[in-house]
Amino acid sequence: MIRVCVLVLAIVALVGMAGAADPLAWPAGGPEARPWSYWWWMASAVDRGNITRELETFQKAGWGGVHIIPIYGAKGYEDRTIEYLSLKWLSMLDHTVREARRLGLDADMTLGSGWCFGGPNISRENANMVVVPKPTPDGWEVGVRPTMRVKRAAPGGEGFMLNPFSREAVTEYLGRFHTALGAYSGAMPRAVYHDSFEYQANWSPNLLAEFEKRRGYRLQDHFDALFGKTDDDRTRRVKADYRETLSDLLVDEFTAPWAGWARERRLLTRNQAHGSPGNLLDLYALAEIPETEMFRHDRSTLISKLASSAAHIQGRRLVASETGTWMKEHFQETLADMKELIQQLFVSGVNHVVYHGSIYSPADAPWPGWLFYASTQMNSRNPIWRDVPVLNAWISRSQAMLQLGASDNDLLLYWPVHEVWHEPDGLQIYFSVHSRAWLTDQPFGRFAQTLYDRGWTFDFVSDRLLHVVEPSPQGLLTPGARYRAILVPPTRYMPPETLERLTKLAAAGATVIFAGTLPADIPGWGRLDERRARLQALLRGIRWSAEARGPVRTAAAGRGRILTGPVEAALAEAGVRRETLTSHEGLEFIRRVEGSVRSYFLANRGTHRLEGWVPLAHNAGAIVMMDPMTGAAGLAAARTQAGDTSVYLQMEPQASLFLRLLPARPADAVAWSYRHAGERTVALTGDWRVEFLEGGPSLPPAATIPQPQAWTKFAGPEGERFGGTARYSTTFDAPAGDWYLDLGAVHETARVRLNGMDLGTLIEPPYRVHASALQRRGNRLEIEVTGLAANRIRYLDQQKVPWRNFHDINFVNSDYKPFDASGWPVRDFGLAGPVVLREAIAVQP
């Protein structure tokens, strides 16, 4: 059975279930519930026939949409190039969007080519630039130099990246689109997109004036602190002010203008804020669809929660993710690898997967077709495509659930970004998904990780976003969610404006918790004495009760209260409960709510099977269990003890289920069938017939083998270079009883058919399925196993076939070196077994 994650829907009442009157029914999901793909257009060398062919292929495989990114071209096809934003290019955009919507899909596009924003209309004065300081006897001489050009640009999109701190640069950049789209009457995409921050920029022509306006003093009077090598208090404070100014400019002079331009044209915005030196929460919050990413081994649930937190607070329904960027080396990635990654994204709050990705390739391009170098190859030329609809169905059911309602986290956890900005080294600090010391090496990062691991639910909140928080009788309200309390981690620095906001919220009815100690100082250098005095006056205005409740101090504040003390004791005093289910190793979760419907998403991300009673922090009269892989549903075993509800779960490592918690048992609902695999097995005796169904470079001849083996073991040189699918079939008798079919080792996915009945498609261990169609005599078992393209690619490179034939970076490996698979060892693919019947033991919790 494929590994699982669990979404628990705690339904206090069935009000507002998006039309799901049947509590066992899955919510209907449209294109946005299905996975999308980055869809690179090489040199925009596309045509209507191939666009339609590819979109129809995506639709049949369960896609929801595509994201157009024009990039560099393929060699030998230069005569097909279409210049970016030309009339012909716009006609292809129109055809794509119309065809996508005809097929029940949709389309986005990058607001540019390659990445990041930039192109031929960006002047040197408006290019991304870095400061070049030079010490002189009279102080510091400051110059600038332009830096990055658009990476992987398409023909017609080449030029400097813009300066992301300059509204003038943004206006210059958007002028090209205003002209091109102003005369365009075709179909517009759903959204426009900005990729992660890869500008090399730390200065702009307007920086000194903006700094003085925002910080209240002249930065040029402190160049010695900014550019020197000192590590004193003034240096830290000046650098903190400089970094805060960069953040403000990214919000006010860059992201807000281009997002506003899009909204004027009724386009949604997708924005990857990470990598920038700005406060990520504030930048994500400006987009209708904030987008995070996990890159190869650079995977952080907490960093991805920055994107989902902004969405939750602002009421954005979708949280996107760039998904599958170089999970492993090319052609080594499996559907199981992709599913494991997506489960981590789901628990971080993502509910809109965008594969990274797919690439347009014309039908006449030889195998493996046109390819993009930083991608899991999610295209129909890759053998994994055959069973990708199973993964897509799992994603679609899950995302339909995860897009319902709003975040149901209890806490707004303040991000003390000024602690990072006070670091003495360097100039700008990039908040990257790759180098994560800005979070993991900070006390705040360790504090947040402990909260997460202990089962406390939270969204991050910034100084700016605190101003959209309002108290209410039901708790703290934001445009998108409700919270129980604001939690401030231990922090030295806090702007007096932020402390004032917190005390006003408390006075209006909020609960504000300071973990451990209160902030002691203000960040930055500007108006230092004045702002320090203001902070201290606010701290003195907190009237602590003389009666401490254990280690927790309490201050009444109007209709609310302020608490300080050890974090878990203070949270308990505030009436906030943690989810103790995280005491099960590897079990993670996220909660959502729709009206009176409360939901949890749980994921067994550990290495051990989980079976037993799992406590939930919210009660129910009955629980419906749902499997997003198969669509099965039934009433789960549940119990209430001392007022607390628990549910009985059986979860393999990386396993998945949904639960709906109902106030009462629904009539006529079937019970969930609990089984586990026993130790007793029965071997399948008899020969196996192996027939190669599809793939290449050629189909090996059929064979008969005494027991299952990888085809690389018995099919000779043809088997060693084959990438595709083979059918293993046998006939066997079976004893009486209830049994699983246990396939043993499978490389990599398996469709299982018993006596003409499809039992399911298995895409990760344990490769085990309930043998519901088993007969005593003459059972016919067929297992269609699909491997990867790795051995076929190895063969192409050994034969020196010139398939890597692209402009720009061409096609590199995951270390950015020239790709060459000729030295790879042969990797086993096929059914390795042993295939046995394994006793299925009924469980009565």
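Let me have the 222 nm mean residue ellipticity of the chain computed from DSSP H runs of 4+ only, each contributing -39500 (n - 2.57), with the sum over all residues rounded to the nearest 500.
Computed ellipticity for the chain at 222 nm equals -7000 deg cm²/dmol.
Averaged across orientations, what area in nm² does the convex hull of the alpha carbons in segment 304-351 project? All intermediate terms of the calculation are to be shown ahead of the outcome.
On the way: hull surface 13.3 nm².
Computed as one quarter of the Cα hull surface, the answer is 3.3 nm².
Report the extension gain between E679 and H297 in nm, rounded to one decimal, defined as 0.36 nm multiplied by the number of residues separating them, less their alpha carbon distance.
133.9 nm
Which order, highest average first, do 262-275, 676-689 follow once you tally other Cβ atoms within 10 Å for each residue and take the mean per peptide?
262-275, 676-689
For segment 311-412, what is the convex hull volume of its Cα atoms per residue in Å³?
Working: hull volume 11.7 nm³, N = 102.
With only Cα atoms used, segment 311-412 gives 115 Å³ per residue.
Counting each pair of different Cα atoms once, what's the Kirkwood radius of segment 111-205 in Å, rounded to one decimal?
14.4 Å
Kirkwood-based Rg over Rh for segment 565-621 (C-alpha set), two decimals?
Looking at segment 565-621, the ratio lands at 1.02.
Measure off 7 Å from each Cα along the Cα-to-Cβ vector at V132 and R464, then give the distance between these two points in nanometres to one decimal.
Using points 7 Å along Cα→Cβ, the separation is 3.2 nm.
In vacuum, with every alpha carbon of segment 396-553 counted as one equal point scatterer, what does the Debye formula give for log10 I(q)/I(0) at q = 0.14 Å⁻¹? Two decimals, please.
-0.83
Take the Cα radius of gyration of segment 596-643 and divide it by 2.2 N^0.38 Å, with N its residue count; two decimals is plenty.
1.29
In Å³ and rounded to a whole number, note down the convex hull volume per residue for the Cα atoms of segment 180-333. Please list the in-between numbers first.
Values: hull volume 28.4 nm³, N = 154.
Convex hull of Cα atoms, per residue: 184 Å³.
For segment 243-249, just list the computed ³J(HN,Hα) in residue order, Karplus coefficients 6.51, -1.76 and 1.60, θ = phi - 60°, integers in Hz, with x standing in for Gly and Pro.
With the stated coefficients, segment 243-249 comes to 5, 5, 5, 4, 4, 4, 5 Hz.
Need one number: nm distance between label points at D224 and R543, each 7 Å from Cα along Cα→Cβ, rounded to one decimal.
In this crude spin-label approximation the distance works out to 4.8 nm.
Rounded to whole Å and sorted largest first, what semi-axes of the equivalent ellipsoid does the C-alpha gyration tensor of segment 433-506 yield via the square root of 5 times each eigenvalue?
Working from the Cα gyration tensor, I get semi-axes of 24, 16, 11 Å.
Quick check: at a probe of 1.4 Å, how many percent of the accessible area of the chain sits on carbon and sulfur atoms?
49 percent
Quote the charge dipole size of segment 399-451 about the Cα centre in Debye, to the nearest 20; the model charges only the Cβ of Lys and Arg (+1) and of Asp and Glu (-1).
The dipole magnitude comes to about 120 debye.
Please express the shape of segment 653-749 as an equivalent ellipsoid: the semi-axes are the square roots of 5 times the eigenvalues of the C-alpha gyration tensor, given largest first in whole angstrom. Let's see the in-between values first.
On the way: eigenvalues 296, 79, 28 Å².
Values for segment 653-749, descending: 38, 20, 12 Å.
For segment 375-460, take the convex hull of the Cα atoms, compute a quarter of its surface area, and give me that in nm², please. Could the numbers behind the result be given before it?
Numbers: hull surface 36.5 nm².
Hull-based average projected area comes out at 9.1 nm².
Pick out, from W26, S204, V769, the residue whose Cα sits farthest towards the positive end of the charge dipole of the chain, with +1 on the Cβ of Lys and Arg and -1 on the Cβ of Asp and Glu.
W26
What's the center-to-center distance, using Cα atoms, between segment 799-845 and segment 61-107 in Å?
One Cα centre to the other: 29 Å.
Counting residues in segment 755-819 as N, plug N into 2.2 N^0.38 Å and put the Cα Rg over that result.
Working it through for segment 755-819, the quotient is 1.92.
Percentage of Cα-Cα pair distances in segment 253-323 greater than 17 Å, rounded to whole percent?
Pairs farther apart than 17 Å: 39 percent.
Take H297, H330 and sort them by solvent-accessible surface of the protein heavy atoms, 1.4 Å probe, largest at the top. Show your work: numbers first, answer last.
Numbers: H297 140, H330 0 Å².
If we order H297, H330 from most to least accessible, we get H297, H330.
For a quick size check, give me the Cα extents of segment 725-845 along its three principal axes, largest first, whole Å.
62, 35, 22
Using just the C-alpha positions of segment 49-159 as equal point scatterers, what log10 of I(q)/I(0) does the Debye formula give at each q in 0.12, 0.23 1/Å?
-0.57, -1.24
With a probe of 1.4 Å, find how much accessible area the chain has per residue, and write the answer as a whole number in Å². Could you put the intermediate results ahead of the total?
Details: 30220 Å² over 845 residues.
Here the per-residue accessible area is 36 Å².
For a distance above 43 Å, tell me the whole-number percent of Cα pairs in the chain that qualify.
Across the chain, Cα pairs with separations above 43 Å total 36 percent.
Hey, if you put +1 on the Cβ of every Lys and Arg and -1 on every Asp and Glu Cβ in segment 245-335, which of L246, L267, P257 ends up farthest toward the positive end of that dipole?
Final value for the positive-end residue is L267.
Between segment 290-304 and segment 344-400, how many Å separate their Cα centres?
Each part's Cα centre sits 18 Å from the other's.
Once you compute Rg and the Kirkwood Rh from C-alpha atoms, what is the Rg to Rh ratio for segment 415-476?
1.04
Rounding to the nearest 20 debye, state how big the charge dipole of the chain is about its Cα centre with +1 on each Lys and Arg Cβ and -1 on each Asp and Glu Cβ. Please report the intermediate quantities before stating the final value.
Values: 92 positive and 92 negative charges, 235 e Å.
So the dipole magnitude of the chain works out to roughly 1120 debye.
The values are calculated or read from the model by the stated rules, or taken from the named source; none is laboratory data. These numbers were taken from a predicted model, which means no experiment stands behind them. No Cβ is skipped: glycine too gets one built from the backbone with ideal geometry, and neighbour counts run over all protein chains shown. Remember, those area values only see protein heavy atoms, side chains included, never the ligands or the DNA or RNA. Shrake-Rupley method; radii C 1.70, N 1.55, O 1.52, S 1.80 Å.
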